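Visitor: Just dropping this structure here.
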Amino acid sequence: MQLLDETIAFTLQSGVGAPVWFGRAADGEELRRFAAAARRFDGRMAAIWGSDERQRDGGFRLHCVFGLNQGHAWVSLDLPVDAPAYPDLADIFPAANRMQRATRDMVGIATTGGDQRPWLRHGAWPADWYPLRHDAAQLASERGDFPNAPSDYDFVRVGGEGAHEIPVGPIHAGIIEPGHFRFSVIGEKVLRLEQRLGYQHKGVEKLFIGMDLAAGARLVGRISGDSTCAYAWAYASAVEAACGVAPSLRALMLRALMLERERVANHLGDLGALGNDAALAFGFTQFMHLKELWLRLNARLFGHRFMMDRIVPGGVALDLEAPALAAIIEQCDYIGREVATLRTIYDEHAGLQDRFLTTGAIDADLARELSLTGMGARATGIIFDGRAYRQGFTPPPPYRMLGVRPATDDRGDVAARVAVRFNEIFESLRLQREIVVSLPDDELRADLAPVAGGAGLGVIEGWRGEVLVGVALDAAGKLARVHPHDPSWQAWPALEHAVMQDIVPDFPLINKSFNLSYSGVDL
Amino acid sequence: MRILRTGILTESMPEAGAWPQREIERLHDDILRILGRALTIREVDAGSCNGCELEIHALNNPAYNIEGRGIKFVASPRHADMLLVTGPVTKNMENAVRIAYDCTPDPKLVVAVGDCGCTGGLFGESYASCGRVSNVIPVDVTIPGCPPPPLDLLRGILTAIGKQK
């Protein structure tokens with residue numbers, strides 16, 4: 001079938017996960033035409049990665065995933081060994097910029113034209129060596145140890161009288177992941193922010209190559225610890241699509257329960273930290289207390305405070321008995337009441353609202369242009385949530401049966417992102433109660449045998465936004481390539497826009513209102 | 001009016017469960033007895049998945065309340081008695097970690113947090129990762145776990161202080 005009236009032929013991925021269509025572009029021009037059509041129809045650049053297929057069918061391959069209204073279109077483009085290049089897509093989707101640069105650093109397939117600055121490569125390995133090529137290890141051993149020579153980065157300079165730069169990082173002043181922020185300011189007003197990330201790059205994609213499915217599940221749960229359930233589910237969903245296995249409804253319900261508990265845990269922590277960044281330590285204490293109670297119940301029922309390694313290919317690795325389900329209902333009621341009280345205090349606190357309102361604003365047009373998903377996009381008024389029905393889109397089970405009401409707020413500022421978090425907590429608590437009372441009896445984990453050469457894409461609406469994991473298996477049923485994609489890829493550039501015209505002291509607040517992952521994008 | 005209402009809510013906040021609370025207080029007392037003064041910690045994420053950061057954050061919640069007992073996270077290694085380092089040290093962070101270590105005044109303590117910090121964890125040593133923290137800077141104490149829960153972090157911090165004495 002065709003999508004968006006374009007020429008690429010697509011086939012629908014099998015399985016019970018989010019709808020994914022797979023197609024191949026004949027050449028770079030056909031890919032560009034499809035990208036332009038996707039942009040016209042308010043689509044998103046969901047992910048870009050590359051793979052080395054020289055051991056399988058002779059070349060390199062570019063993978064682009066577009067988020068469309070009806071689901072995701074996974075378009076691949078085969079590239080010749082001697083000149084693996086493709087046309088720049090960043091003029092159509094600005095979000096492509098960093099993904100393309102990362103793809104070049106990792107696999108050595110580059111755009112013709114466009115931004116050619118390195119992204120993940122800071123100088124720990126040479127520019128003509130690519131970690132994800134199958135002969136990387138052999139070439140590295142031939143060349144001996146690479147010197148770790150941190151390189152300078154070509155930041156865009158802002159000139160003019162009184163303009164100066166504030167460099168921040170990579171180590172930040174707080175308990176937070178590393179990254180570099182280059183502010184160009186006049187006085188206290190931010191003219192421009194440019195991020196340089198990649199400090200968390202620890203070779204995750206390389207590690208996946210050759211792993212068995214179970215080892216891959218463990219690693220994928222540690223790409224961004226705060227989203228471990230979202231990643232584990234997206235990976236499991238991709239593996240299940242690749243192997244033609246469907247988990248039971250009970251397993252899917254338990255996965256959704258864990259994903260919702262992860263969402264509430266993170267929103268509680270963020271609401272507390274946002275109060276703290278606006279000098280309301282009371283809010284921090286209250287919300288962090290609620291989060292601690294929440295995590296302790298996780299530890300008691302799931303055996304881990306963040307529920308790592310509980311979602312596995314084929315199903316789940318735990319079960320909940322009646323007393324556990326009762327404890328969840330009881331806690332949801334308690335947390336719901338407490339958060340409702342705290343919301344009244346946040347809403348009525350003049351000092352807090354003064355900091356939140358109009359600070360760090362972006363609008364829906366910019367969010368669409370930057371392919372933003374998740375909470376940040378919904379806080380600009382875009383009603384898009386992978387768990388919810390929309391015109392022409394039916395969410396995958398179990399959310400199909402749960403009727404998720406997406407939270408939105410059209411102000412686009414810190415206050416909107418706070419409001420969306422509050423509303424998502426209430427909706428998430430409702431979903432958890434719904435799951436607990438309607439949990440069917442069924443097997444927990446389906447048998448799953450690797451299918452040689454299988455491929456699949458998993459898409460999960462995590463607490464931050466859309467988490468994607470693309471998986472390809474080799475002839476032996478091991479992982480040939482895994483690409484995890486964090487929603488922070490699209491949201492980091494949105495943060496650059498959100499701070500413009502605000503003042504430097506508001507940056508921590510604006511940054512926290514997005515709370516983006518470094519590890520998830522640096523890989 | 002708002003301040004009055006806020007104040008009452010703070011006081012009426014429920015206590016954490018009995019067992020962990022006793023354990024936490026005992027650890028606090030030990031830290032104060034051994035240390036006899038405040039301890040300042042600079043947390044350095046050298047490449048973690050941010051799971052360890054979630055648990056280090058939890059040390060500041062009212063159940064563990066370490067700041068209330070004189071242990072404070074500071075913004076600069078120059079203000080720190082201890083570096084609390086998470087993650088395998090990535091090649092891209094190796095330089096920054098060395099600089100942070102050199103900037104921390106002597107006598108300094110280094111605590112490596114999490115399975116990755118202790119052994120390199122799942123990530124190990126590779127083209128992008130230096131592996132365990134002690135491959136880059138001297139480490140006094142390791143706190144294993146993926147991630148280590150807050151009580152383990154408190155115990156580890158205490159062990160490090162005890163060693164210094």
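Visitor: Does any residue in the stretch A:54-82 that is basic (K, R) come within less than 9 Å, Cβ to Cβ, of a residue that is open to solvent by 40 Å² or more (accessible area, probe 1.4 Å) six or more places away or on a different chain, and which pairs are these?
Guide: Once the first residue is basic (K, R) and sits in the stretch A:54-82, its partners that are open to solvent by 40 Å² or more (accessible area, probe 1.4 Å) give A:R54/A:V81; A:R54/A:R133; A:R54/A:H134; A:R56/A:G453; A:R56/A:A475; A:R61/A:D78.
Visitor: Which of the helices (runs of 4 or more DSSP H) contained wholly in the stretch A:426-523 include at least 1 residues that are among the charged types (D, E, K, R) and open to solvent by less than 20 Å² (accessible area, probe 1.4 Å)?
Guide: Fully inside the stretch A:426-523 and qualifying: A:519-522.
Visitor: Output yes when any residue across the stretch A:178-186 is more than 13 Å from chain B (Cβ to nearest Cβ) and touching a Pro at 6+ places or on another chain (Cβ under 7 Å), and no when none is.
Guide: yes
Visitor: Can you pull out every residue in the stretch A:317-354 that is hydroxyl-bearing (S, T, Y) and open to solvent by less than 30 Å² (accessible area, probe 1.4 Å)?
Guide: Of everything in the stretch A:317-354, just one residue is hydroxyl-bearing (S, T, Y) and open to solvent by less than 30 Å² (accessible area, probe 1.4 Å), namely A:Y346.
Visitor: Hey, any hits in the stretch A:256-263 for a residue that's within 20 Å of A:V20 (Cα to Cα), in contact (Cβ under 8 Å) with a residue 60 or more places away in the chain and either touching a helix residue (DSSP H, G or I) at 6+ places or on another chain (Cβ under 7 Å) or in the same structural domain as A:S14 (by TED's automatic domain parsing) (or both)?
Guide: Yes: one or more hits.
Visitor: Give the residue that is least open to solvent (accessible area, probe 1.4 Å), with candidates limited to residues of the stretch B:44-60 that are part of a loop (DSSP other than H, G, I, E, B) and without any contact (Cβ under 8 Å) to a residue 24 or more places away in the chain. Spell out the reasoning first.
Guide: The first filter runs over the stretch B:44-60 and keeps only residues part of a loop (DSSP other than H, G, I, E, B), leaving B:46-50, B:59-60.
Retained after the next criterion (residues that are without any contact (Cβ under 8 Å) to a residue 24 or more places away in the chain): B:50, B:60.
Working: B:N50: 7, B:N60: 38 Å².
If we take residues in the stretch B:44-60 being part of a loop (DSSP other than H, G, I, E, B) and without any contact (Cβ under 8 Å) to a residue 24 or more places away in the chain, then B:N50 is least open to solvent (accessible area, probe 1.4 Å).
Visitor: Related question: Which condition breaks for A:G314 when tested against (1) on the phi < 0 side of the Ramachandran plot; (2) buried (at least 22 other Cβ atoms within 10 Å of the Cβ); (3) not aromatic (F, W, Y)?
Guide: (1)
Visitor: What are the residues in the stretch A:170-198 that are more than 17 Å from B:C52 (Cα to Cα), open to solvent by 40 Å² or more (accessible area, probe 1.4 Å) and not charged (D, E, K, R), if any?
Guide: If the condition is that a residue be more than 17 Å from B:C52 (Cα to Cα), open to solvent by 40 Å² or more (accessible area, probe 1.4 Å) and not charged (D, E, K, R), then A:I186, A:G187, A:L191 are the ones that fit.
Visitor: Which residue, of B:A75, B:A63, is farther than 19 Å from B:G114 by Cβ, at the interface with chain A (Cβ under 8 Å from one of its Cβ atoms) and surrounded by fewer than 18 Cβ atoms within 10 Å (Cβ to Cβ)?
Guide: After applying the criteria, what remains is B:A75.
Visitor: Could you please find all residues in the stretch A:143-164 being more than 14 Å from chain B (Cβ to nearest Cβ), open to solvent by 60 Å² or more (accessible area, probe 1.4 Å) and outside any loop (DSSP other than H, G, I, E, B)?
Guide: A:H164
Visitor: A further question on this structure: For the stretch A:506-522, how many residues meet the condition of being within 11 Å of chain B (Cβ to nearest Cβ) and not small (G, A, S)?
Guide: Number satisfying all stated conditions: 4.
Visitor: Of the residues that make up the stretch B:133-147, is at least one touching a residue at least 40 places away in the same chain (Cβ under 8 Å), at the interface with chain A (Cβ under 8 Å from one of its Cβ atoms) and either over 20 Å from A:S517 (Cβ atoms) or acidic (D, E) (or both)?
Guide: no
Visitor: Give me the residue from the stretch A:206-216 that is outside any loop (DSSP other than H, G, I, E, B) and open to solvent by 10 Å² or more (accessible area, probe 1.4 Å) and, out of that set, nearest to A:L473 (Cα to Cα).
Guide: Once the filter is applied, the top-ranked residue is A:L213.
Visitor: Exactly one of (1) open to solvent by 20 Å² or more (accessible area, probe 1.4 Å); (2) of a type in the set (D, E, K, R); (3) away from chain B (no Cβ under 14 Å) is unmet by A:R121. Its number?
Guide: Every listed condition holds for A:R121 apart from (3).
Visitor: Related question: So, of the residues in the stretch A:263-305 that are touching a Leu at 6+ places or on another chain (Cβ under 7 Å) and at the interface with chain B (Cβ under 8 Å from one of its Cβ atoms), which turns out to be nearest to A:R218 (Cα to Cα)?
Guide: A:R305
Visitor: Just the residues that are open to solvent by less than 10 Å² (accessible area, probe 1.4 Å) and in contact (Cβ under 8 Å) with a residue 24 or more places away in the chain, please, taken from the stretch A:287-301.
Guide: A:F287, A:L290, A:W294, A:L295, A:N298
Visitor: Of the numbered conditions (1) within 7 Å of chain B (Cβ to nearest Cβ); (2) assigned to a helix (DSSP H, G or I), A:A241 fails exactly one; give the number of that condition.
Guide: Answer for A:A241: the failing condition is (1).
The values are calculated or read from the model by the stated rules, or taken from the named source; none is laboratory data. Remember, it's a predicted structure, so these values are computed and weren't measured experimentally. For neighbour counting, all protein chains shown are included, and Cβ atoms are generated from backbone atoms with ideal geometry for every residue, glycine included. Keep in mind that these areas ignore ligands, DNA and RNA; they rest on the heavy atoms of the full protein, side chains included. Shrake-Rupley method; radii C 1.70, N 1.55, O 1.52, S 1.80 Å.
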